[in-house]
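Trainee: This is the structure I have questions about; it appears just below.
The values are calculated or read from the model by the stated rules, or taken from the named source; none is laboratory data. Note that the structure is a prediction, hence the values are computed from the model and not measured. Note that each Cβ is placed from the backbone with ideal geometry, even for glycine, and that neighbours are counted across all protein chains shown. What goes into the accessible areas is simple: the full protein's heavy atoms, side chains included, and nothing from ligands, DNA or RNA. Shrake-Rupley method; radii C 1.70, N 1.55, O 1.52, S 1.80 Å.
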Amino acid sequence: MKYCSNCGMNHPDSVNHCPNCGAVLPEANVSVGFKMSPVPESSANQGAVKIESHIVKAIISTICCCLPIGIAAIVFAAKVGPSLKANNREAALEASKKANLWGNISIGVGLMTQILWIFLYQFIQKHS
């Protein structure tokens, strides 16, 4: 197997260019009847990480929980795809983290609002 140091994918020895990103692949190491890929531990884990957009959470939190904060989550979730297409993994990861954060905040605000309404309703019922 050949390891692409650019995107972190493993490919068969017969491939000279990475089908995923187009980078030139190094020659495979052959030693005593078996093949070894030069896969550094840290870079192998980095390239294989899939970056989520959290768009479903953003939409659901916008509809069900808190509209203004949910819209912020949608905006950040919408930035993940274009950043990945531009091979800007750092910007995509940052947008993914922010989309997740704002989605969670929206859900938390929505839940706290519902709990507050329940307590206020119970308080009004007891005192009327």
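Trainee: If Ser96 satisfies all but one of (1) of a type outside the set (D, E, K, R); (2) within 22 Å of the chain's Cα centre (by Cα); (3) loosely packed, with under 15 Cβ neighbours inside 10 Å, what's the number of the condition it fails?
Mentor: (3)
Trainee: Please name all residue pairs, on different chains or six or more residues apart, with Cβ atoms under 9 Å, provided the first residue is in the stretch 62-73 and is closer than 11 Å to Asn104 by Cβ and the second residue is open to solvent by 30 Å² or more (accessible area, probe 1.4 Å) and outside any helix (DSSP H, G or I).
Mentor: Ala73/His54
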